[in-house]
Amino acid sequence: MKVVAGIRVAAAVGALTSTWRRSLVFRVIATTVTIGVLVLALVGTYLYRQIGEGLVEDRRAVASAEALQLTKRAQLQFNSTDLVDSPERLTTAARGIVQEQAGTERSRYVVLAR
């Protein structure tokens, strides 16, 4: 079975080589298709990479803007609190503000810096 398959492959390669040598039209079409496929693959790869980078950059910008907005809101709440007379009340107020800013999402963390 392998011998027969090998003979068929050799015959196909021989026919292809013969056609390549005899036919200018076949060479032009084969070369054009090959170059077209290569160019299409290169352009597709480039576009895929550019779109991916653009999506990541857009998400990063949205996350930064959201973090800045939440930071400003938390700072306004800290500035407007009147619960500064005791450390316990201030701690309770800070926990409430932090929990409010963090929301229900488990992917968001709040860091307090002094």
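The values are calculated or read from the model by the stated rules, or taken from the named source; none is laboratory data. Remember, it's a predicted structure, so these values are computed and weren't measured experimentally. Every residue, glycine among them, receives a Cβ derived from its backbone with ideal geometry; neighbour counts consider all protein chains shown. Side chains included, ligands, DNA and RNA excluded: accessible areas come from the protein's heavy atoms. Shrake-Rupley method; radii C 1.70, N 1.55, O 1.52, S 1.80 Å.
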Residue list for the range 37-53, filter: open to solvent by 100 Å² or more (accessible area, probe 1.4 Å) and of a type in the set (S, T, Y): Y46, Y48
Yes/no for S23 being surrounded by 10 or more Cβ atoms within 10 Å (Cβ to Cβ) and over 24 Å from the mean Cα position of the chain (by Cα): yes
Selection from the range 5-20 of residues that are hydrophobic (A, V, I, L, M, F, W, C) and either open to solvent by 70 Å² or more (accessible area, probe 1.4 Å) or touching a His at 6+ places or on another chain (Cβ under 6 Å) (or both): I7, V9, V13, L16, W20
Scope the range 60-106; condition small (G, A, S), assigned to a helix (DSSP H, G or I) and free of Cβ contacts under 8 Å to residues at least 24 places away in the same chain; matching residues: A61, A63, S64, A65, A67, S80, A93, A94, G96, A102
